[in-house]
Amino acid sequence: MTYLSLILIVLAVFTFAELLLSGYDKAKKQLFVLAYICTVVLIASRYSIGPDIMSYIPFYKNMSNADFLHYEGNFEYGFALFCMLCNDIGLSYWGMTCVVTLLYFVPLYFVWRKIPDYRILALFALVVFDYNLMLYELRQCLAVAFMLWAFLFWEKKMFVMVFACCLVSCTMHKSAVIMFLLAGLVYLLRGLRIEVKAYLLLGLALFLMLMIPLGSVLEALIAYLPFPHASISSLLHHLSRTQSLQLVFPIYIGAILCLAYYLSKDNDKRTLHWMAWMSFLVIVLLFQYWFLLNRIRSYFLPFIIPYFCYVVYYSKQKNRLPIQLFVLLFLAFGISLIYRNNRDASKLYSKSNNISTVFERFKYSEADLQKRQIDEAEKFWRYDYNDKEKW
């Protein structure tokens, strides 16, 4: 069994328990706290899983104060400084990944508390769509974490801290620079009204994206971006991974149609409606380019999932059949992911994503565990990477 499957199974059990507790609000809130703690513990307990440890572990071991003063590596300066600080205070590689997990999940908890109902279901959705960020993508996880902190400080009107968090986020992963620029542009246009027909157009556009590739247009635009050559090459590489037909397509369509059905016209939420619509527009435009989309959507999933729950919960539409059907569709997708993840992992030569936790340190030395995991990661890059199936 893969580590992801273990996490999803635990969350699926909590989700079904939450659905059975419909009408018992206090019990659901208590169950959410327990589910959230279990999720954080599971993710924080992972020990050197995934193929990216091939570069992360040696980098972390070698990063010290002296190395940082002459640092010219491929990783961003903020991440290098973060690793140096963790290394200098004596944290192991696992200790560093645990800190990354906490930096992400602590602010996420305060965002998730804003969801009016079915918070565990929403958390299950976030893990289903963003497990790569939580389990493997350390640099981008830090970038998203500091973006979440920036949001919380923005709510408290602590704008100096907002600026500091945004700056730190940009130094953790280069994608954050693009996202903050886009977010600033979208915010400047926040006065635009979003109506039902805007979401219906998105639904139509998503069908068109199955047939109309935008790769050549995006490649031309990327070529003019004022970014280093390495960043441009990375973006082009992400654009090269495409897939037209994906199992996630009905989920996107269902979410768009549910928002169109339940959306209210409250003017006090106009900015929120506009920014959420723009997030879905990004999903539509980059739908075929799943590799790039999976990176970008990590920045707005922690916001559009609570937004979706808010719209449905406070809608004046009393007919709950559409959202009930959508939830059943999503649960089927989530359960199928568990099956597909295990099935695809069994076809791989590498077992780098199998269960590996810090609790194994009671039985094995850190050197033995890391060697085992690095050997599996090496097998992935050597034998499995180009043949790995997508969803």
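The values are calculated or read from the model by the stated rules, or taken from the named source; none is laboratory data. Here the structure is a predicted model, which is why all the values come from computation and not from measurement. Note that each Cβ is placed from the backbone with ideal geometry, even for glycine, and that neighbours are counted across all protein chains shown. Just so you know, the surface numbers come from the protein's heavy atoms only, side chains and all, with ligands and any DNA or RNA stripped out. Shrake-Rupley method; radii C 1.70, N 1.55, O 1.52, S 1.80 Å.
A few points about this structure:
- Accessible area per residue, Å², the range 274-332 with all protein chains present, probe 1.4 Å: 41 Å²
- For the range 145-152, the Karplus equation 6.51 cos²θ - 1.76 cosθ + 1.60, evaluated at θ = phi - 60°, returns couplings of 4, 6, 5, 5, 4, 4, 4, 5 Hz by residue, with Gly and Pro reported as x.
- Dividing the summed -39500 (n - 2.57) terms of all DSSP H runs of n ≥ 4 by the residue count of the chain sets its mean residue ellipticity at 222 nm at -22500 deg cm²/dmol.
- Amide H contacts under 5 Å for Thr357, placed H, 5+ residues apart: Tyr47
- Accessible area (Å², per residue) of the range 1-97, counting only protein heavy atoms and a probe of 1.4 Å: 47 Å²
- Contact order relative to length of the range 1-136, as percent, for alpha carbon pairs under 8 angstrom and 6 or more apart: 40 percent
- Pairs of Cα atoms nearer than 8 Å and 6+ residues apart set the relative contact order; for the chain it is 26 percent.
- Annotation: Cα Rg of the range 286-391 relative to the compact-globule expectation 2.2 N^0.38 Å equals 1.52.
- For the range 1-62, a simple Cβ point-charge model (Lys and Arg +1, Asp and Glu -1, everything else neutral) yields a dipole of about 140 debye relative to the Cα centre.
- Label-to-label distance, nm, for residues given as Ser22 and Arg382 (7 Å Cα→Cβ offset): 5.3 nm
- For the set Lys28/Lys269; Lys157/Lys318; Lys174/Lys265; Lys114/Lys318; Lys26/Lys269, the pairs lying more than 25 angstrom apart at their alpha carbons are Lys28/Lys269; Lys157/Lys318; Lys174/Lys265; Lys26/Lys269.
- Percent accessible area from carbon and sulfur atoms, the chain, protein chains only, probe 1.4 Å: 67 percent
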